[in-house]
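Input: a single structure, listed below in C-alpha cells.
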Amino acid sequence: MEYRSIIARMINSIEHLIVGKRDAVEYTLITLLAGGHLLLEDVPGVGKTTLAKALAQTIDCGFTRIQFTPDTLPSDITGLSIYNMQTGAFEYSKGAIMNNIALADEINRTSPKTQASLLEAMEEKQVTVDGVTYPLPKPFMVIATQNPIDYLGTYNLPEAQLDRFMIKISIGYPSASDEQIMADKFLGKQFSGSLEPVVDGDAIIKMQEEVMEVKVNRDLINYITKFIQDTRKDSNISLGASPRATLALIRASQAKAYLEGRTYCIPDDILKLAVPVIAHRIILSPEARLAQTKVEKVLKDILSKIPVPVLNNA
C-alpha cells in the first residue's frame, strides 16, 4: 500500500476540476486500478469529458481524445496499413486507440460498425489490422461518454460493447453550493490550464498488480456468484449478467478495498459496486419495462434477498 498517498493526491487533483462529485471520482479511479473501462452517461454539460481529461492529466502517460461522429471510420480507431512506395511494403499507421488512456467522446454518436472496432482493444488489449496483431500500451483504459439514448442522432451501444465496460455511472447535476463554488473558480480562472501529473504509467501498472493481490474471502465469492446467478433467474430480467460481470465485480471490489487502504474485501465493497458494475449489462423483461421498473431497483431487490456474509477473519 505504498501508493496510498499517491491515490489521495490523484483524488485531490481531479477534484480541482470536478467539484462535489467524490463518488464519481472514486468510481473512475476504481475502474483504472482494476484495469477496466468506464462508461459515463449523462446529459450534456455536467462534466463527463472534464472528468476523463482530468484523470488523464494526473497520469504522466499517453492520452488520446476521439470525438465520435457519424462519419468516424473503424480505421480511424484501430489504424490502417499504408503502402510505402520507397520500401515497397505496407506499413502500419497507428490509430487513435494506440495510447494509454483513450477518451471515446460521445461514443453513441457513431455507427455500430465503428463502435465494434473497440471490442478487441477493450477485451484483449490489442488491435488486429490486415491480419497483423498489435499490442496496446500499458496501462490501457477506455473512458467513453454518451448522452442518453433517447436524444436525436445517437445509436444504442450493442450488448457486447456494454459488457466490456467494467463500470457505468452518471455524474449528475451539482448541488447549489457546489455550483456556486464552480462559478467562483470559473471567475477566478481556476478552471483554465491543465493539471500537473502526480503519477506515471509504471506506478499505475504496479498498483494494478497490487490490486490483484487483495484478498477476497470465499464467502464473498459465493455471495457474488449467487447474486449474478439470481439475475439470470429473476422474472423482471430477460438477459442476466454474464460471467464477465462476475469477474468484473470481483476485481472492482478488490480495487475499492485497495483505494481505501485495505488488503481484503468486505461486503460493503460489493454492495457499493453491484449497481454500477451490473446494471448496464442486463436487459429488463418487456413486462418490467412496460411497468417502468428501474434496473437499480431490481438489482437491489435481488441483493436484499441474499444473506450478507459475516466475515470472521477478513
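Since every read-out is calculated from the coordinates, none of them should be taken as a lab result. The structure presented is a predicted model; accordingly, all values stated were derived computationally and were not measured. Here Cβ is always computed from backbone atoms with ideal geometry, including for glycine, and neighbour counts include all displayed protein chains.
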### Message
Suppose we take every Cα in the chain and form the convex hull; what volume per residue is that in Å³?
### Response
163 Å³
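Only counting other Cβ atoms within 10 Å, I'd like SER194, SER13, SER111 sorted with the fewest neighbours first. Display every interim value, and only then the final one.
Numbers: SER194 10, SER13 21, SER111 16.
So the residues, fewest neighbours to most, are SER194, SER111, SER13.
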### Task
Of the options PRO197, ILE282, ILE14, report the single residue whose Cα projects farthest towards the positive end of the charge dipole of the chain (beta-carbon charges: Lys, Arg +1; Asp, Glu -1).
ILE282
### Query
Once the dipole of the chain is set up with Lys and Arg at +1 and Asp and Glu at -1 on Cβ about the Cα centre, which of TYR173, MET85, ILE237 lies farthest towards its positive end?
ILE237
### Message
Please list, ordered by chain and number, the residues whose modelled amide H lies under 5 Å from the amide H of PHE68; skip anything fewer than 5 residues away on the same chain.
### Response
ASP105
### Query
Cα centroids of the stretch 191-223 and the stretch 25-73: how far apart, whole angstrom?
16 Å
### Message
Rounded, prolate or oblate for the stretch 34-103? Axes are the square roots of the Cα gyration tensor eigenvalues, ordered a ≥ b ≥ c, and the cut-off for rounded is a/c under 1.5.
### Response
prolate
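Write down Rg/Rh for the stretch 194-267, rounded to two decimals, with Rg from the C-alpha atoms and Rh from the Kirkwood relation over Cα pairs.
Ratio value, two decimals: 1.12.
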#### Entry: Charge dipole (debye, nearest 20) of the stretch 212-304; +1 at Cβ of Lys and Arg, -1 at Cβ of Asp and Glu
160 debye
### Task
At a Cα cut-off below 15 Å, give the aspartates and glutamates reachable from LYS300, other chains included and same-chain residues fewer than 8 away excluded.
ASP230, ASP234, ASP268, ASP269
### Message
Among LEU119, ALA24, ILE302, which residue has its Cα furthest toward the positive end of the charge dipole of the chain, with +1 on Lys/Arg Cβ and -1 on Asp/Glu Cβ?
### Response
ILE302
### Task
Rounding to the nearest 20 debye, state how big the charge dipole of the stretch 97-238 is about its Cα centre with +1 on each Lys and Arg Cβ and -1 on each Asp and Glu Cβ.
240 debye
## Note on the structure
Applied in sequence order to the stretch 115-131, the curve 6.51 cos²θ - 1.76 cosθ + 1.60 (Karplus, θ = phi - 60°) yields integer Hz couplings, x standing for Gly and Pro, of 4, 5, 5, 8, 4, 5, 4, 6, 8, 10, 6, 7, 10, 10, 10, 6, x
### Ellipticity estimate at 222 nm from DSSP helix runs (n ≥ 4, -39,500 (n - 2.57)) divided over the chain, nearest 500
-12500 deg cm²/dmol
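Could you size up the charge dipole of the chain around its Cα centre, putting +1 on the beta carbon of Lys and Arg and -1 on that of Asp and Glu, and report it in debye to the nearest 20?
Here the size comes out at about 580 debye.
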#### Entry: Vicinal HN-Hα couplings computed from phi for the stretch 205-212 (Karplus, 6.51 cos²θ - 1.76 cosθ + 1.60; Hz; Gly/Pro x)
4, 4, 5, 4, 5, 5, 4, 5
### Summary
Long-range amide H partners of ILE59, meaning residues 5 or more apart or on another chain whose placed amide H is closer than 5 Å, are VAL198
### Mean Cβ count within 10 Å, highest first, over the residues of peptides 290-302, 26-38
26-38, 290-302
### Summary
Residue-ordered couplings for the stretch 272-285, obtained by feeding phi - 60° into the Karplus form 6.51 cos²θ - 1.76 cosθ + 1.60 and rounding to whole Hz (Gly and Pro as x), are 5, 9, 4, 5, x, 8, 9, 4, 7, 9, 10, 10, 6, 5
### Listed residue pairs exceeding 31 Å between alpha carbons, taken from LYS138/LYS294; LYS48/LYS233; LYS206/LYS297; LYS256/LYS297; LYS48/LYS206; LYS21/LYS233
LYS138/LYS294; LYS48/LYS233; LYS206/LYS297; LYS21/LYS233
### Query
Once a ≥ b ≥ c are taken as the square roots of the eigenvalues of the Cα gyration tensor of the stretch 126-220, is the result rounded (a/c under 1.5), prolate (a/b larger than b/c) or oblate (a/b not larger than b/c)?
prolate
### Message
Can you tell me how the stretch 159-294 classifies by the Cα gyration tensor, rounded, prolate or oblate, using a/c under 1.5 as the rounded cut?
### Response
oblate
#### Entry: Percent breakdown of C-alpha pair distances by 10 Å bin, ordered from the shortest bin, for the stretch 1-142
11, 38, 31, 15, 5, 1
